[in-house]
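The values are calculated or read from the model by the stated rules, or taken from the named source; none is laboratory data. No experiment lies behind these values; they were computed from the predicted model shown. Cβ atoms come from the backbone with ideal geometry, glycine included; neighbour counts cover every protein chain shown. To get the accessible areas, we keep the full protein, side chains included, count just its heavy atoms, and leave off ligands, DNA and RNA. Shrake-Rupley method; radii C 1.70, N 1.55, O 1.52, S 1.80 Å.
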Amino acid sequence: MRRTQRFLIFTFSLICCAVLIGCGEGHKTAADDARNAPPAAVVKVVRGNIADNLEIASEFQPFQEVDVYAKVSGYIQKLYVDYGTHVKQGQLLAVLEIPELQQQLQQDEASVRRSNQELTRAHEELNRSQSAYNVAHLTYTRLADVQKSRPELVAQQEIDIAKGKDLEADADVSSQKAALAAAEEALVSAKAALGKDQAMFDYARMTAPFDGVITQVYARTGALLPAGTSSNKGDSALCRLSQNSSLRLVIPVPERAVPNIQIGQSVAVEVSGVKRTFDGKIVRFSDQIDMTTRTMHTEVDVPNPKFVLVSGMYASVKIPLHSAAKVLTLPIQAVQAGETGKGTVLLVDSSNKIETRNVMLGLQSSSDVEITSGLQENETVIFGAQGQFKNGELVSPKIVVPSATE
């Protein structure tokens, strides 16, 4: 009997030991799996604002730029500008010496004086003729009246002579009036010639057509500057003037973005050369798609009152197309895009196991994408390459904060 009891007690002890050992090994395996789980960078689904921006690179151009030519040919007597000179509209750039035009002006002034003298003489001749006509007409009228009342006192020959003198004096008055009109026309013509040559001579003072900066100088003091009206100008300009107080960017807007372009629309202009972002405004566009490039010519004006920007600098224009506020978003690196508007993510559940989840996508910016369905706020997903993990795999999640450049 005692032997049987001892045997039963011994067997029960062995069974208990085996059970305890088995349980210990099971706990050890689960703990080992958690410790050996590979680390995984994860991000949370958050709510935020997102905008779909169109980014196009371009380079600054002057708001307007012209080569300043001379109207008349002449030698540069005095040059007042050089490279980088800032000028105001109407400011003197150079003075030309034109000897032959100065002589022509003297001749025109003499012609005007002569025409004035001839006009004065014509007035005097008209007055003399008018006086002679008055005397002749009065004499004829008196003789005619006497003949009517006392015909026997005046011979017909005297009447005829008086009438002839009256008609002659009248014709002389008409002739002098014509001469006076001709003298007046001659004076007008002389003054017009003087005004024309004076206007041409005024072009000897070359002035700035608008506010700007001199970016090129083609001729120096003493050089002969040909008239810019010639068909073969060559390098005959005095200088190049650029208006840089406001610069423009010419950007080719792709066809898909054309409906979103509006006059007066504000845009952000990033200039890497000065590491700053400037405000710009869409001010004009062609309103026509180029059939070759499928783009629309669009211009953005950027104020430059302090001349921080320089023509020729590269810039990046960001045009907002669509935007949404307080929507679920994820970094682009956390979403595997599929068909249009669809994608997949690797969700990390509460047990830290991977689960493949299909999602619907909305707006996309340069760094984030909108999640319209498939995920809830604060859920955790894998960030980065999804090919490193498998569905159902246990991971050790590590929250990361993606940078804007990733």
- Among the residues of the stretch 151-165, is there at least one that is of a type outside the set (A, V, I, L, M, F, W, C) and farther than 30 Å from HIS137 by Cβ? no
- Item | Residues (open to solvent by 90 Å² or more (accessible area, probe 1.4 Å), of a type in the set (D, E, K, R) and within 30 Å of MET206 (Cα to Cα)) located in the stretch 97-119 | GLU100, ARG113
- Matching residues in the stretch 357-397 (modelled with pLDDT under 85 and among the aliphatic types (A, V, I, L, M)) number 1
- Kindly indicate the residue of the stretch 156-188 that is within 20 Å of THR120 (Cα to Cα) and free of Cβ contacts under 8 Å to residues at least 12 places away in the same chain and also nearest to the chain's Cα centre (by Cα) among those meeting that condition. VAL188
- Task: Only one of these is touching a helix residue (DSSP H, G or I) at 6+ places or on another chain (Cβ under 6 Å) and of a type in the set (D, E, K, R): ASP202, ASP279, ASP197. Name it.
- Result: ASP197
- Message: Against the definition (open to solvent by 100 Å² or more (accessible area, probe 1.4 Å) and modelled with pLDDT of 90 or more), how does ARG142 come out, yes or no?
- Response: no
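Taking the stretch 146-159 on its own, how many of its residues are part of a helix (DSSP H, G or I) and open to solvent by less than 70 Å² (accessible area, probe 1.4 Å)? Break it down stepwise before answering.
Filtering the stretch 146-159 for residues part of a helix (DSSP H, G or I) gives 146-149, 151-153, 156-159.
This time we only want the ones that are open to solvent by less than 70 Å² (accessible area, probe 1.4 Å), so: 146-147, 159.
Qualifying residue count, the stretch 146-159: 3.
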- Message: Among the listed residues ALA57, ALA94, identify the single one that is modelled with pLDDT of 90 or more, crowded, with 18+ Cβ neighbours inside 10 Å and in a strand (DSSP E or B).
- Response: ALA94
- Message: With in a helix (DSSP H, G or I), open to solvent by less than 50 Å² (accessible area, probe 1.4 Å), over 30 Å from LYS71 (Cβ atoms) and at pLDDT below 85 as the only criterion, which of ALA132, ALA122, ALA162 stands out?
- Response: ALA162
- What tally of residues in the stretch 273-298 results from selecting those that are loosely packed, with under 13 Cβ neighbours inside 10 Å and closer than 13 Å to LYS318 by Cβ? 1
- Message: Name the residue that is farthest from VAL81 (Cα to Cα), counting only residues in the stretch 188-221 that are open to solvent by less than 50 Å² (accessible area, probe 1.4 Å) and among the small types (Gly, Ala, Ser).
- Response: ALA190
- Query: Taking strands (runs of 3 or more DSSP E) that fall entirely within the stretch 299-406, which contain at least 3 residues that are surrounded by 15 or more Cβ atoms within 10 Å (Cβ to Cβ)?
  - Reply: 314-331, 342-348, 354-364, 368-373, 380-382
